[in-house]
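In what follows, a single structure is set out as structure tokens and then discussed.
The values are calculated or read from the model by the stated rules, or taken from the named source; none is laboratory data. Predicted model, so just to flag it, every value in this text is computed and none were measured. Glycine also receives a Cβ, built like all others from the backbone with ideal geometry; neighbour counts cover every protein chain displayed.
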Amino acid sequence: MKKWNLIIDVEKCEDCNDCFLSCKDEHVDNDWPGYSVSQPRHGHRWMNIMRKERGQYPLIDVAYRPTPCMHCDSAPCIKAARGNAVYKRNDGIVIIDPIKAKGQQQVVKACPYGAVWWNEEKDIPQKCTFCAHLLDEGWTKPRCVQACPTGALRAIYAEDSEMERIIKAEDLEVLHPEYKTRPRVYYKNLYLYEKCFIAGSVAFEKDGAIECAQGATVSLFKDSNKIAETTTDTFGDFKFDKLDENSGNYTLEIVYQGHKKKALDVELKTSLNAGTIHL
Amino acid sequence: MAFDKAQFSIILFGLEKIMKYAARKYPSFAARLKEKNFIAQIKLRDNSQGRYFIFKDGKVRSKNGIYPSPDITMTFQSAALAAKLMKPWRSQLDVISAMKNFQLGLEGPDELTIWFSETLNLLFTAGLKYGTDMGGGIKRYTSNTNGGPVFVYVKNNKIIRITPIEFDETDAKPWTIKARGKSFTPPRRTTIAPHALAWKSMVYSPDRLLYPMKRVDFDPDGNRNCHNRGISSYERISWDEATDIVAREIRRVKREYGPGAILNGSGSHHTWGHLGYWLSARLRFFNTIGFTPVVHNPDSWEGWYWGAMHHWGQSMHLGGSETYSTVEDCLKNCEMVVFWSSDPESTNGVYGAFEGTVRRQWLKELGVKMVHIDPFYNHTAALLGGKWIAPRPATGNALALAIAYVWITEGLYDKEYVAKRTLGFEKWRDYILGKEDGVPKTPEWQEKEAGVPAKDVRALAREWGTRKTYLAAGGIIGFGSACRCATGNEWARSMVCLMAMQGLGKPGINMGCAQQGAPVDTRFYFPGYAEGGLSGDLQGTALAVNMYQRMPQLPTVNTVYQRVPRLRIPEAILEGKCEGYPTDSATIEGQFLKFDYPAPGHSPVRMYYKYGGSHFGTMAETNRYAKAYRSENLEFVVNQSIWFEGEAKFADVLLPACTSFERWDISEFANCGGYVQHSFTQCNHRVAIMQHKCIDPLGESKSDFQIFLEISKKLGVAAPFSEGMTELDWCKRLFNATDLPNFISWKKFLKKGYFVIPAPKEELRDPVSFRWFAEGRPKDTPEVSPLPADYTEKFGMGLQTQSGKLEFECSSLKRFDPDDPERPLISKYIPAWEGHHTKELYQKYPLQLISPHPRYSFHTMGDGKDSMVNDVKDHRILIDGYYYWIIRINTKDAEARGIKENDLVKVFNDRGAVICAAQVTERVPPGTVHSYESSAVYDPVDEPGYSPDRGGCINLLTPSRMMIKKSHSMAANSCLVQIELWDGEEVTK
């Protein structure tokens, strides 16, 4: 049995909002009987793009995490709904029945991802339908995927076994696996949003001028254990990524030809630009 | 002779039969016939032959002979001509020639003559099928926008969905570039910009003007209450009343004041389409009545036009670069791309949606290094990664000079190229080394000005000087916010000079960032909008190049020689005088010809016919515009607008225009032509688009073409305006003017709505821009630029400059004004006239504001008007029920002012105040703040022109001073402001 999955590559998302806007184009002012009634003109974000800035000027990056309904295989919203108002289709898509779900505000609260929105005027919970009304007409992808210009969104219609293979091959993960809801939406490069980094620049003095130290070896120590090593680039910059927020003290050790080894202690709360380290 | 007469006779006899047949077959034609009762005579000029047609109660019949008093008369010079012109397969050139030489005449009231001509033409178009049936009562049409072509799904005359175009199996196959062992092929679809995806919400916007309106306290025959513009409300009037007022006012100001009294201008960007565009129908109408045009400053080019052009010519590109085949060259040969004030992921080149994105992703995949120089950590940097270097706003030239310093002192430049292909390097070199002013332009000197660590400058210069590097200065062929500041000229000049030092045109060394220069077919003819459509305007558009021959049409000439520079409209109105310099693409020297307003013997402007309402958001120090609108010097203001927004709220009469989804047009994806020649090479596929009339115009709105036609009828100039043709007829004429008929029939094109123009095979791809120059060969890229007379030695050899070389020291400036301290002969660092050196002002307003072109909206398209774009988190922020414009401020600057994320703040200086929502960020360095320009909403909290704006028109704050005196240019990115929390109470006067 083939089912729908969505793969979201955080590295390729640039916040163009084509997904968000195509979703609104499809669902605002349009009822799709059997699937959904129209989304309010404003307020709902069935595709919710979250922004995360990491670091401090000038060593920063910015990641965007598009967040739709996860179409969980073990969906809390289905359990919370009365009278089968929320159900899972055979193809994996979770649908809120717009008629049966009337008045069922608990469905909104049940979703740990905040992906269900309350329609005040129509008195119903609403969310991403994976554009099931289009897929049933023969479309090969939902509107958001069609509009995405960067390849950040991919819709995969595959057997679960095939999906398992893709998950391994592409190193995919789900958002908040600890919720144990078995999402059908997978992320690639999620660390850009969820994890943090320690970055810095290395410089040295030569003939009275400050120069970038290209090719310096920078090691990262945690509790006296070396956990990573990298080399500075043209601008003397280095970056250790995929670290946990609030993960305590680290030591940076810098080795550069003709200079004394230099060590620096840092405390990691959130992504950190350690600044320019002068050898 | 007798044969001709017989033929004419048969055609006339047949005409009645054909009309009857059409009325039986097509209900729309039958309905049309019910519209008028009158008698039309068709005859020879000498009255020797004729037939008259009686239209009565939906029926038509005809009689042989000459009717004594017909309502209208169509006259032919001879039977032979009549026979020739009345055939369905007639040549349009023959028709136009007959009209121009008075061999074909049409007399009678415009209302009837136009109706009659259109009805005859309808015989060809009635019953034509268009759109694709999708089942379930849904039809899929095609249209085109500023942000890409679209499929439009319509049910029951209502748009339900707008999507990018996915090609079908019959469409042309794409190109493939092989580079460094990999093959790159673009996806078979078009991409779309966010503002284009919001079109449904803009069509059905609550701010749509649905009826003609009149300001309640405007009485054209009594008190006009000009000072109440922007304050008073409006009442609905009929089209007949509205067009009556406008036509009467046109006649009155011409009668009372003489030529020049009517001012007209548009925004830079209109809804897409070559016929309904501001460079098409608008010019045809205004040339027909005579007007003082608002002349545009080259607002996206500025420093390129007024500065860079003097080093290398490129006047046809307004001083910007050209980009032929640079995508392939970049993928194959380039090792590093320096993006300098370049954010194509936000600006989409221009009209190019996200076509370039995949190509930049390929560069990343190939491991090409990226550097981003921009005071804002822009979206291209965020997507692609690489080194971010953030100079203080308007100090980019200090950084450029310091890079050149490193190259000079460390020998990291192409000495042979400089010796052979350039002129005057020694002078620039000596200036950089400090021999001229005693100040060596070292990286350390730069650090004090621009704030970039000297070590980073050395590292960048060494990397650049040893690797094949593309310089993307601006998002496409030039452009970039850095060219729109007090030092914009000198920055753009240095961009060209830096590339001259590195061997511009050699493999892997060129300008651009894969945004333009895809290997599509540049030799397939389809016009861009700047080619003038149906304007008939041989001076104000590029019509003469191709379209005047390919789509023969009556020429139009504006007999008013007076002009008003766009940035000086307020002074022209309030003070009655101003001066300007032209935007002229033919030659380098065109920009030197200063003009004055008022022009000798011309009337100052008394009536302003404005097209749309964008100036508050897009010009500079724009409170001036609000003040000008409320002046008694302007006796009448009419605004033809789709939405009730911006300047439209300052009109006396409002004419509701419909969107491009509600009318016919024809166009191509991202093809503007003109200043961005072959701009469609931004696209991965050239796509020609039939812009279907997807739905009926909302309310009583009409197409711009139709509005002009209605007014023309009241002025008796309808026939020269429309040539008796409907918009659909003109679409067919434009179709026939392109190379499309060699590939697809009109019927098929109209039905399917688009055609993918096949990419050329590899051997037929264009040569790379400037490769010929680097190699000392004649120019071989497919454009006639420069014009033949601008070559010095031999046609095709060298650049447009006097020497034909790339001039570090500009001979054109030497001839014009060698002592101009604002524009020296070589590029120099001249501190901004508003910036950190203007001590007193800087103390009062310590934050430097930059306001680049917006990301989610385009000009004012997509913003405001309850568009869905307003819900984009990084576009506007909803606070207490109001969508506020965003200002981005560094964490430290925010802390110092007690400002938190999403706080409402007042951004202000002596020019005004704008209320924004704060975004606290590390994407700008301390001391720099960032917001976008182009808010569509001007919403003063109190008196217009004097009070803070809640709408977000950042340009209220930007200086109206010209970048340099001898120019018509804006320097919006040299703007000092202060920011404080806004309590929501205060109103400044």
Check: Would the stretch A:186-207 turn up any residue that is within 14 Å of chain B (Cβ to nearest Cβ), surrounded by 17 or more Cβ atoms within 10 Å (Cβ to Cβ) and in a loop (DSSP other than H, G, I, E, B)?
Finding: yes
Next item on the list: Residue by residue through the stretch B:851-876, note down the ones that are in contact with an Asp or Glu (Cβ under 9 Å, 6 or more places away or on another chain) and either in a strand (DSSP E or B) or more than 14 Å from every other protein chain (Cβ to nearest Cβ) (or both).
Entry: B:Ser851, B:Pro852, B:His853, B:Thr860, B:Arg876
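What's the total number of residues in the stretch B:574-609 that are of a type outside the set (D, E, K, R) and more than 25 Å from the chain's Cα centre (by Cα)?
Residues that pass the stated criteria total 9.
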Note to self: Considering only residues that are within 18 Å of A:Lys12 (Cβ to Cβ) and part of a strand (DSSP E or B), which ones fall in the stretch B:362-378?
What the structure shows: B:Met370, B:His372
Item checked: Residue that is farthest from B:Thr559 (Cα to Cα) [pool: residues in the stretch B:506-518 that are of a type outside the set (S, T, N, Q) and surrounded by 23 or more Cβ atoms within 10 Å (Cβ to Cβ)] -> B:Ile509
Next item on the list: State whether the residues of the stretch B:350-359 include one that is of a type in the set (Asp, Glu) and away from chain A (no Cβ under 11 Å).
Entry: no
Notebook entry, point to check: Can you pull out the residues in the stretch A:164-220 that are without any contact (Cβ under 8 Å) to a residue 12 or more places away in the chain, hydrophobic (A, V, I, L, M, F, W, C) and more than 30 Å from B:Glu447 (Cβ to Cβ)?
Noted result: A:Ala169
Next item on the list: Inspect the stretch B:843-857 for any residue being crowded, with 24+ Cβ neighbours inside 10 Å, small (Gly, Ala, Ser), touching a His at 6+ places or on another chain (Cβ under 9 Å) and within 15 Å of B:Ile964 (Cβ to Cβ) and give the result as yes or no.
Entry: no
Checklist line | Unmet requirement for B:Arg563, which otherwise passes all of (1) buried (at least 24 other Cβ atoms within 10 Å of the Cβ); (2) of a type in the set (Lys, Arg); (3) under 21 Å from the mean Cα position of the chain (by Cα) | finding: (1)
Notebook entry, point to check: In this structure, is B:Lys900 part of a loop (DSSP other than H, G, I, E, B), closer than 30 Å to A:Arg54 by Cα, of a type outside the set (S, T, N, Q) and more than 30 Å from the chain's Cα centre (by Cα)?
Noted result: yes
Margin query: Could you check the stretch B:443-480 and list, in sequence order, the residues that are within 11 Å of chain A (Cβ to nearest Cβ) and surrounded by fewer than 21 Cβ atoms within 10 Å (Cβ to Cβ)?
Written below: B:Glu444, B:Glu447, B:Gly451, B:Ala454, B:Arg462, B:Thr466, B:Arg467
Margin query: For the stretch A:127-151: of the residues being of a type in the set (S, T, N, Q) and not in a helix (DSSP H, G or I), which is nearest to B:Gln361 (Cα to Cα)?
Written below: A:Thr150
Next item on the list: State the number of residues belonging to the stretch B:762-779 that are acidic (Asp, Glu), assigned to a loop (DSSP other than H, G, I, E, B) and over 28 Å from the mean Cα position of the chain (by Cα).
Entry: 1
Checklist line | Residues of the stretch A:24-51 that turn out to be away from chain B (no Cβ under 12 Å) and surrounded by 21 or more Cβ atoms within 10 Å (Cβ to Cβ), as a count | finding: 1
Checklist line | Within the stretch B:390-426, considering residues that are without any contact (Cβ under 8 Å) to a residue 40 or more places away in the chain and among the β-branched types (Val, Ile, Thr), the one farthest from the other protein chains (Cβ to nearest Cβ) | finding: B:Ile408
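Within the stretch A:52-74, is even one residue out of contact with any strand residue (DSSP E or B) (no Cβ under 9 Å at 6 or more places or on another chain), more than 9 Å from chain B (Cβ to nearest Cβ) and more than 18 Å from A:Asn189 (Cβ to Cβ)?
Yes, because at least one residue in the stretch A:52-74 is out of contact with any strand residue (DSSP E or B) (no Cβ under 9 Å at 6 or more places or on another chain), more than 9 Å from chain B (Cβ to nearest Cβ) and more than 18 Å from A:Asn189 (Cβ to Cβ).
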Item checked: Scan of the stretch A:234-279 for residues that are over 13 Å from A:Ala216 (Cβ atoms) and in a loop (DSSP other than H, G, I, E, B), ordered by number -> A:Asp244, A:Glu245, A:Asn246, A:Ser247, A:Lys269, A:Thr270, A:Ser271
Note to self: Based on this model, can you work out whether B:Ser660 counts as closer than 16 Å to B:Asn146 by Cβ, at pLDDT 95 or above and either among the hydroxyl-bearing types (Ser, Thr, Tyr) or surrounded by fewer than 23 Cβ atoms within 10 Å (Cβ to Cβ) (or both)?
What the structure shows: yes
Next item on the list: Working only within the stretch B:191-206, note down all residues that are of a type in the set (A, V, I, L, M) and either surrounded by 24 or more Cβ atoms within 10 Å (Cβ to Cβ) or within 7 Å of chain A (Cβ to nearest Cβ) (or both).
Entry: B:Ile192, B:Ala193, B:Ala196, B:Leu197, B:Ala198, B:Met202
Notebook entry, point to check: Failed condition for A:Ser271, given (1) under 27 Å from B:Glu463 (Cα atoms); (2) touching an Asp or Glu at 6+ places or on another chain (Cβ under 9 Å); (3) in contact (Cβ under 8 Å) with a residue 60 or more places away in the chain, with all others met?
Noted result: (1)
Note to self: One residue is enough: does the stretch B:579-596 have a residue meeting the conditions out of contact with any Asp or Glu (no Cβ under 7 Å at 6 or more places or on another chain) and farther than 30 Å from B:Lys814 by Cβ?
What the structure shows: no
Check: Between residues in the stretch B:378-389 that are more than 7 Å from chain A (Cβ to nearest Cβ) and residues that are at pLDDT below 95 and surrounded by 24 or more Cβ atoms within 10 Å (Cβ to Cβ), which pairs lie under 9 Å by C-beta distance while being six or more apart or on different chains?
Finding: B:Thr380/B:Gly475
Check: Mind checking whether some residue in the stretch B:588-606 is in a loop (DSSP other than H, G, I, E, B), out of contact with any Lys or Arg (no Cβ under 8 Å at 6 or more places or on another chain) and within 16 Å of B:Arg566 (Cβ to Cβ)?
Finding: yes
Checklist line | Options A:Asp265, A:Asp241; residue that is within 14 Å of another protein chain (Cβ to nearest Cβ), over 22 Å from B:Pro443 (Cβ atoms) and of a type in the set (Asp, Glu) | finding: A:Asp241
Next item on the list: Return a yes/no flag: does the stretch B:911-920 have any residue that is outside any strand (DSSP E or B), away from chain A (no Cβ under 13 Å) and modelled with pLDDT of 95 or more.
Entry: yes
Margin query: Looking at B:Ser117, B:Ser143, can you tell me which residue is crowded, with 17+ Cβ neighbours inside 10 Å, within 14 Å of chain A (Cβ to nearest Cβ), small (Gly, Ala, Ser) and in contact (Cβ under 8 Å) with a residue 24 or more places away in the chain?
Written below: B:Ser143
Next item on the list: Can you confirm whether the stretch B:505-517 contains a residue that is assigned to a helix (DSSP H, G or I) and among the charged types (D, E, K, R)?
Entry: no
Next item on the list: Name the residue, out of A:Gly114, A:Gly138, A:Gly151, that is of a type outside the set (S, T, N, Q) and more than 14 Å from chain B (Cβ to nearest Cβ).
Entry: A:Gly114
